[in-house]
1. Can you tell me which residue within region 17-36, out of those that are open to solvent by 30 Å² or more (accessible area, probe 1.4 Å) and small (Gly, Ala, Ser), is nearest to ARG66 (Cα to Cα)?
2. Of all the residues that make up region 82-122, how many are open to solvent by 50 Å² or more (accessible area, probe 1.4 Å), farther than 14 Å from ASN137 by Cβ and free of Cβ contacts under 8 Å to residues at least 24 places away in the same chain?
3. Out of everything in region 123-140 that is at pLDDT 90 or above and open to solvent by less than 50 Å² (accessible area, probe 1.4 Å), what residue ends up being farthest from PRO28 (Cα to Cα)?
4. Which one of SER105, SER85 is at pLDDT 95 or above, part of a helix (DSSP H, G or I) and either polar (S, T, N, Q) or more than 24 Å from HIS68 (Cβ to Cβ) (or both)?
5. Kindly list the number of the only condition in (1) closer than 23 Å to THR135 by Cα; (2) among the aromatic types (Phe, Trp, Tyr); (3) over 11 Å from the mean Cα position of the chain (by Cα) that fails for TRP38.
Amino acid sequence: MAVSRHCFWGCPVAEAVVVAVAAALPAPTPVVTCCQVWLLQPPPGVRPGVWAVVAALVVDAMERGRCHLWRITRPRDGVVPPARSVAVGRAGALATIDLWDALASFAAGGVVPRGWAGVVGLTYPFVGVVDGGLTLNKTS
């Protein structure tokens, strides 16, 4: 459990993803908790269905960040890996990009889940329903 908690919450790479998610929430920006992500408990102002998508993609982005960190820091012939702090910063940035790319891909799928139309609007956190389709709402 300790390794999972580190990789999917306590690691600075995972923390970068959580910071990006918190920044996309309505003001005042609340703290995103581990239970909210792992147990699909939506923060205030986010519908459960939207949060289920976001939380799943957050965990996926954290895993991708772990893979990025391994790739960045592994020894290769003739290439000196960057300092740990630099590698962690890069991996965190890449994981955050992965999160937003995955959300954009979900929105591009165009299928509006039942119950979202008329409730999840253009300014909704993460994704919105516009003209019968989904749009990415990246606010961070």
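The values are calculated or read from the model by the stated rules, or taken from the named source; none is laboratory data. Computed from a predicted structure; not experimentally measured. Neighbour counts are summed over all protein chains in view; Cβ atoms, including those assigned to glycine, are modelled from backbone coordinates with ideal geometry. For accessibility, only protein heavy atoms count, side chains too; no ligands or nucleic acids. Shrake-Rupley method; radii C 1.70, N 1.55, O 1.52, S 1.80 Å.
1. ALA23
2. Residues in region 82-122 being open to solvent by 50 Å² or more (accessible area, probe 1.4 Å), farther than 14 Å from ASN137 by Cβ and free of Cβ contacts under 8 Å to residues at least 24 places away in the same chain: 12 in total.
3. Here the residue is GLY133.
4. The conditions single out SER105.
5. All conditions pass for TRP38, except number (1).
Quick grid of which residues meet (1) of a type in the set (A, V, I, L, M, F, W, C); (2) on the phi > 0 side of the Ramachandran plot; (3) over 10 Å from the mean Cα position of the chain (by Cα); (4) buried (at least 20 other Cβ atoms within 10 Å of the Cβ):
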| position | (1), (2), (3), (4) |
| --- | --- |
| VAL13 | yes, no, yes, yes |
| GLY45 | no, yes, yes, no |
| VAL59 | yes, no, no, no |
| ARG64 | no, no, yes, yes |
| CYS67 | yes, no, yes, no |
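To keep it simple, each residue is scored yes or no on (1) among the charged types (D, E, K, R); (2) within 20 Å of PHE106 (Cβ to Cβ); (3) in contact with a Pro (Cβ under 9 Å, 6 or more places away or on another chain).
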position: CYS11; (1), (2), (3): no, no, no
position: ALA20; (1), (2), (3): no, yes, no
position: LEU39; (1), (2), (3): no, no, no
position: PRO48; (1), (2), (3): no, yes, yes
position: ALA56; (1), (2), (3): no, yes, no
position: ASP60; (1), (2), (3): yes, yes, no
position: ARG64; (1), (2), (3): yes, yes, no
position: CYS67; (1), (2), (3): no, no, no
position: VAL80; (1), (2), (3): no, no, no
